[in-house]
Amino acid sequence: MTISCYGAPSHQHIKDSIMSSMSSFSSELSNLPKKPIPGQYGLPFIGAIKDRWDYFYNEGKDEFFENRRRKYHSTVFRTNMPPGPFISPDSKVVCLLDAVSFPILFDMSKVEKLNVLDGTYHPSWSFTGGYRVCAYLDPSEPKHTSLKSYFMSIIAARHDNFIPLFQQCLYDLFFELESQITTKKHSSFNSLSDKMSFNYVFRLFCDKNPNETKVGSNGANLFDKWLLCQLAPLGTLGILPKFLNLLEDLLLHTFLLPFFLVKSDYYKLYDTFYKSASSILDEAENLGIKRDEACHNLVFLAGFNAYGGMKATFPMLIKWVGLAGEKLHRQLANEIRTVVKAEGGVTISSLEKMSLTKSVVYEALRIEPPVPFQYGRAKEDIVIQSHDAAFEIKKGEMIFGYQPFATKDPKIFEKPEQFVANRFVGEGERLLKYVYWSNGRQTENPTAENKQCPGKDLVVLLCRVMLVEFFLRYDTFRIEARTSTFGSIVTFKSITPKATTT
Ligand code: HEM
């Protein structure tokens with residue numbers, strides 16, 4: 001993949017391309033020819049296994065989608081999605097790969113989001129205390145409205161603590177990063193980031209350092225094991241020789257991993273949250289939500305949604321900024337230091353003035369959306385449109401969007417495969433409606449009636465603060481990066497402290 005922060009399109013070019021694509025969309029969409037959806041599911045059982053093997057072992061994730069897009073000359077087609085037998089009751093999906101058809105998945109009047117968080121299967125409810133937690137509920141279920149409203153109110157109530165608490169957690173991270181680089185000449189960013197993310201989320205909701213609880217410094221590991229057992233059907237270890245593929249496929253993709261493997265870990269976390277988050281659990285009871293149900297929901301929010309999301313997001317952000325190189329680092333440091341000096345500190349309003357820093361965060365979330373899969377079941381017969389055709393999807397069919405293709409749609413984004421740091425500066429902001437990482441457009445907001453991430457603004461804020469605090473301390477850094485089944489793995493090779501003259 002090529003990375004460029006200098007070859008950015010001009011503002012005029014962006015404006016022209018948006019205007020022309022907008023006018024052509026509106027005139028063309030209504031006249032698009034209706035076509036049957038290409039693609040096939042193959043023989044029952046065998047077709048699903050074949051697609052699973054193509055996806056994990058024969059082709060690979062991105063190639064799986066690219067090969068079918070090319071074969072069918074269409075960004076909308078039928079395929080099976082892993083895991084398939086015996087985990088998924090039905091693995092058939094209609095796959096969407098372009099920016100125009102994808103947003104059907106955000107239309108709650110057209111698609112049902114019941115139990116589709118992980119795709120064509122869901123883990124046993126034992127992983128969540130026997131409850132279907134908020135992220136598995138469709139907005140038409142009254143419980144979704146009450147839980148999501150509750151979450152949005154506890155997040156909003158912690159607003160004043162977002163930045164100062166994150167700064168404290170980052171200082172610890174930077175301290176460890178520097179000392180590891182000094183002693184070992186390298187540092188694994190993922191483990192530092194995970195530890196920092198767990199501390200942040202726990203302290204935000206429990207007003208307490210996890211080290212003062214029985215979870216101690218082990219919180220991130222406990223959540224990792226619990227997450228892995230639920231998400232194993234979607235990944236590969238990626239380290240086994242080919243002849244062990246069959247064994248891996250049997251172990252990870254054929255049967256769900258049972259909850260008892262992580263039961264004691266989960267209840268250690270649950271008990272700790274139960275004891276430490278009493279004030280927000282009191283609030284839940286006042287709203288009519290049972291205390292234990294609220295606590296299982298809180299553990300899921302903290303561990304799956306927030307910690308799990310950060311686990312994918314922060315290394316991804318540092319990877320793209322790191323690979324972009326020294327020139328971008330200088331530009332970011334310059335913007336950040338100038339604004340912080342003029343505004344007298346790192347505040348929501350000073351962050352708003354950092355147009356390059358903001359754009360870099362949006363660009364990272366565009367080029368590598370941390371949660372790449374979205375699913376929804378058609379609530380009725382619907383007609384969807386890609387750039388060049390209309391397709392009918394029948395009531396009950398599963399719709400699946402592979403987001404990295406939608407947000408790298410070449411008909412929307414110029415140089416879609418390149419990391420263009422200033423893509424969203426100035427006029428470029430108009431492209432933010434095509435940034436979908438939060439399960440909604442970047443220009444729209446989460447509500448109790450939709451399924452958009454209620455942590456959307458917090459996540460963008462934390463990514464900005466991470467860059468700001470980084471470039472207030474350091475001039476530049478070098479990393480090595482690779483991609484694993486669940487995201488980016490980043491190793492710091494060097495870090496250059498801020499020159500005293502700057
Ligand atoms: C850090 C990066 C994060 C990413 C990438 C992320 C991404 C997402 C996505 C894609 C969804 C929709 C899943 C679906 O239904 O398909 C979602 C839902 C959700 N997220 Fe986030 N999220 C992040 C952080 C957070 C944080 C910090 C919180 C809370 C503090 C949070 C709370 C939630 C909740 C409760 C839902 C379910 C919403 C609903 O059921 O309506 N997330 N998130």
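Assorted remarks:
- Any helices (runs of 4 or more DSSP H) falling wholly within segment 347-407 and containing at least 2 residues that are out of contact with any Asp or Glu (no Cβ under 7 Å at 6 or more places or on another chain) and away from the ligand (no atom under 16 Å from the Cβ): 348-352, 355-367
- Sole residue being more than 26 Å from Leu462 (Cα to Cα) and hydrophobic (A, V, I, L, M, F, W, C), chosen from Val133, Val111, Val215, Val201: Val111
- Tally of residues being among the polar types (S, T, N, Q) and touching a helix residue (DSSP H, G or I) at 6+ places or on another chain (Cβ under 8 Å) across segment 263-296: 2
The rows are residues; the columns are (1) touching a residue at least 24 places away in the same chain (Cβ under 8 Å); (2) within 19 Å of Arg473 (Cα to Cα); (3) of a type outside the set (Ser, Thr, Tyr); (4) surrounded by fewer than 17 Cβ atoms within 10 Å (Cβ to Cβ).
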position	(1), (2), (3), (4)
Phe300	yes, no, yes, no
Ala306	yes, no, yes, no
Lys319	yes, yes, yes, no
Gln331	yes, yes, yes, no
Val340	yes, yes, yes, no
Thr347	yes, yes, no, yes
Ser350	no, yes, no, no
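- Inter-residue pairs, beta-carbon under 8 Å, first of a type in the set (D, E, K, R) and in segment 130-141, second within 9 Å of the ligand (Cβ to nearest atom), 6+ apart: Asp138/Lys113; Asp138/His144
Residues checked against (1) within 16 Å of the ligand (Cβ to nearest atom); (2) of a type in the set (Gly, Ala, Ser); (3) closer than 30 Å to Leu237 by Cβ:
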position	(1), (2), (3)
Asp457	yes, no, no
Tyr474	no, no, no
Arg482	no, no, yes
Ser488	yes, yes, yes
Phe492	no, no, yes
Lys498	no, no, no
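Yes/no matrix, rows are residues, columns are (1) among the β-branched types (Val, Ile, Thr); (2) in a loop (DSSP other than H, G, I, E, B); (3) surrounded by fewer than 20 Cβ atoms within 10 Å (Cβ to Cβ); (4) within 12 Å of the ligand (Cβ to nearest atom):
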{"site": "Thr120", "(1), (2), (3), (4)": "yes, yes, no, no"}
{"site": "Leu147", "(1), (2), (3), (4)": "no, no, no, yes"}
{"site": "Met152", "(1), (2), (3), (4)": "no, no, yes, yes"}
{"site": "Phe162", "(1), (2), (3), (4)": "no, no, yes, yes"}
{"site": "Leu165", "(1), (2), (3), (4)": "no, no, yes, no"}
{"site": "Gln168", "(1), (2), (3), (4)": "no, no, yes, no"}
{"site": "Asp172", "(1), (2), (3), (4)": "no, no, yes, no"}
{"site": "Ser179", "(1), (2), (3), (4)": "no, no, yes, no"}
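- Restricting attention to segment 311-346 and to residues that are charged (D, E, K, R) and within 16 Å of the ligand (Cβ to nearest atom), the residue that is nearest to Phe166 (Cα to Cα) turns out to be Lys311.
- Single residue of segment 463-472 satisfying the filter (buried (at least 16 other Cβ atoms within 10 Å of the Cβ) and more than 14 Å from the chain's Cα centre (by Cα)) that is farthest from the ligand (Cβ to nearest atom): Phe471
- Looking only at segment 273-291, residues that are surrounded by 15 or more Cβ atoms within 10 Å (Cβ to Cβ), over 19 Å from Cys229 (Cβ atoms) and not small (Gly, Ala, Ser) come to 5 in all.
- Test for Pro446: is it in a loop (DSSP other than H, G, I, E, B) and buried (at least 17 other Cβ atoms within 10 Å of the Cβ): yes
- The set of residues in segment 461-494 that are among the β-branched types (Val, Ile, Thr) and in contact with a Lys or Arg (Cβ under 8 Å, 6 or more places away or on another chain) comprises Thr476, Ile479, Ile489, Val490.
No lab work stands behind these numbers, since they all come straight from the coordinates. All values derive from a computational prediction rather than experimental measurement. Neighbour counts run over all protein chains shown; Cβ positions are idealised from the backbone, glycine included.
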